[in-house]
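This report refers to the structure that appears directly beneath it.
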Amino acid sequence: MHTRTCGELRPENIGEEVTLTGWVWHRRDHGGLIFVDLRDRDGVTQISFDPEHSGGTAFHTAENIRSEWPIKVTGTVRERPEGQANEKLDTGEVEVLVSEIVVLNTSKTPPFQIEDRVDTSEDVRLRYRYLDLRRPKMMANLKMRSDFTFAIREALHKRDFMEVETPSLFKSTPEGARDFLVPSRTQPGHFYALPQSPQLLKQLLMVGGVERYYQVAKCFRDEDLRADRQPEFTQVDIEMSFVDEDDVMGELEEVLADAFSAMGVKMELPLRRINYWDAMDTYGSDKPDTRFGMELHDVTSIFANSKFKLFASAAADDKLFVKAINAKGAGKWPRAKIDRLADVAATFGAKGLAYIAFREDGSVTSPIVKFFSDEEMAALRSEMDVEPGDLVMFAVAERLQADEILGGMRNHMADALEVKREGHDFLWVVNFPLFHWDEDRKAYAAEHQPFTQPIEADIDRLDSDPLSVGSWTYDFVMDGFEAGGGGMRIHNADLQMKILEKLGFTEERAEEQFGFLMEALRFGAPPMGGFALGLDRVCMLLAGADSIREVMAFPKTSSGSDLMSGAPSEVTGAQLKDVSLRLL
């Protein structure tokens, strides 16, 4: 219906007759002239209606049009009058003098203004998501997501990766979250599960000889939600065979660099690789944002002979550490504000928060400083690079817990102090532990997933010291978020069974849930490794948004509801009967 879009007209188009379609965005009636900003998915063009032009028919129709009416106009591109150009618009130097207009439909008054800076609740936006998507920012987000997905596909395709679709109805297997179950009508009492990821299927594709696989896969996990998590999400799923970890990471770096380059983002290669424990001990996170400092320091030895019993007893215990961070500038805060940081630290697992505020006048504020000697204070100042106005905070706990407490405080203080984080930050965090201890279950749990290849040199310690066993794993970190992750896979059935046994599986249960995989591994499974890129999260970061909902067309709320359609909803008794179910 249109010959041009509302975002493409420029001075070189002056004199052309064009037809545009779109929605009436802003309408300004200046008495003798009517100006309308016409908006489509590509942009905005100003169109003008003159009662003296083409008999005035178009002008009289324009007198009655209102916001969000879809219209079609035909007219001539002309330069805007002197002094009326709009530098904020790509089309701001020109306008279209309309000779014909067709009203394609009318519109109710929208429940909120179709503007980027919309002043309404997110629930209202989600209830009327089809209107929310008309906002230029939302449309730009969808376009960016489309372009990035295409760039990923193109980068993979030119490197001989094969796009293979895997089933959405599959077997329920434990992968860290609850499954969404789908009852079978034809086999009463039996259920499919929506895939949490194509993990097992892509390993089977490697056994089948595909060698280089990818898929833009929809995944489903029934878990508690937050701003960057949804019950259904999209990942770029990748797997390779006859490779080692350097082969996989090297190939992924080139693919990601190509895709980000298409978005105007330069990724310097090779990416930095930070060992898991180095990341935790330095930044307190396995997904560190390294665009700012505030690094963790182990100050245990400084207080080995301290009169402050909490620190001294920790120094005397091989399992405990005293660690600290320096939040530069926070030492200027009022004491009451500093004291409230203990509540923040509690959310990260701390039982309290010891601190020393170094005031700008040279004084020191702290409930614990009276216990420290001059030598201890001097050593602390040197280790933490203390200056007037700094706030040093401590955590006393076992290694991982101390790291996590201060890592959480590091991010909180960076936000509170409005620390600048410019550009994008890309890196790998590698060699995660194979297991961690699940205190609730009193059992070992997989740090990544149950199919991860342990480091060969550590396999002998699987029985004697499982928590010391490392793994061939790698997480792709972008701007302090885990944007993707992967690892090498176990391709030996006996080793796979041993790992499952360490995770609490009996041989019978392992065969019941993973028997098809175990059997496949016995048919000459090759070395394999892969990766999954969180498409929603990466697009969120590229868009500068604070939630993945901003880069998804139809997201759910934090309770998993679709406010637009009313899902999840009740179904009829007949539908339940069809699948041999009834409500209790």
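The values are calculated or read from the model by the stated rules, or taken from the named source; none is laboratory data. Everything numeric here is computed off the predicted structure, so don't read it as measured data. Here the Cβ is made from the backbone with ideal geometry for all residues, glycine too, and neighbour counts use every protein chain on show. Surface areas here come from the heavy atoms of the whole protein model, side chains and all, with no ligands, DNA or RNA. Shrake-Rupley method; radii C 1.70, N 1.55, O 1.52, S 1.80 Å.
When the strands (runs of 3 or more DSSP E) confined to segment 1-84 are screened for residues that are open to solvent by 50 Å² or more (accessible area, probe 1.4 Å) and touching a residue at least 12 places away in the same chain (Cβ under 8 Å), those reaching at least 2 such residues are found at 17-29, 70-79. Remark: pairs (first residue in segment 406-431, in contact (Cβ under 8 Å) with a residue 40 or more places away in the chain and open to solvent by 50 Å² or more (accessible area, probe 1.4 Å); second residue assigned to a loop (DSSP other than H, G, I, E, B) and β-branched (Val, Ile, Thr); Cβ separation under 7 Å; 6+ apart in sequence or on different chains) = 424/265. Within segment 137-150, does at least one residue satisfy the condition of being on the phi < 0 side of the Ramachandran plot, touching a strand residue (DSSP E or B) at 6+ places or on another chain (Cβ under 9 Å), assigned to a loop (DSSP other than H, G, I, E, B) and in contact (Cβ under 8 Å) with a residue 24 or more places away in the chain? No, segment 137-150 contains no residue that is on the phi < 0 side of the Ramachandran plot, touching a strand residue (DSSP E or B) at 6+ places or on another chain (Cβ under 9 Å), assigned to a loop (DSSP other than H, G, I, E, B) and in contact (Cβ under 8 Å) with a residue 24 or more places away in the chain.
Inspect segment 380-392 for any residue being farther than 24 Å from residue 283 by Cα, small (Gly, Ala, Ser) and out of contact with any Asp or Glu (no Cβ under 6 Å at 6 or more places or on another chain) and give the result as yes or no.
no
You will find that of 529, 573, 515, the residue that is over 33 Å from the mean Cα position of the chain (by Cα) and open to solvent by less than 20 Å² (accessible area, probe 1.4 Å) is 515 and no other. Residues that are part of a loop (DSSP other than H, G, I, E, B) and among the aliphatic types (A, V, I, L, M) within segment 564-584 comprise 564, 571, 579, 581, 583, 584, listed in sequence order. Of everything listed in (1) modelled with pLDDT of 95 or more; (2) over 30 Å from residue 567 (Cα atoms); (3) open to solvent by less than 50 Å² (accessible area, probe 1.4 Å), the single unmet condition for residue 126 is (2). Scanning segment 486-504 for residues that are open to solvent by less than 20 Å² (accessible area, probe 1.4 Å) and either more than 21 Å from residue 462 (Cβ to Cβ) or within 32 Å of the chain's Cα centre (by Cα) (or both) yields 486, 487, 488, 489, 490, 496, 499, 500, 503. Look at (1) open to solvent by 20 Å² or more (accessible area, probe 1.4 Å); (2) within 20 Å of the chain's Cα centre (by Cα); (3) over 21 Å from residue 514 (Cβ atoms) and you find that residue 259 fails only one, number (1).
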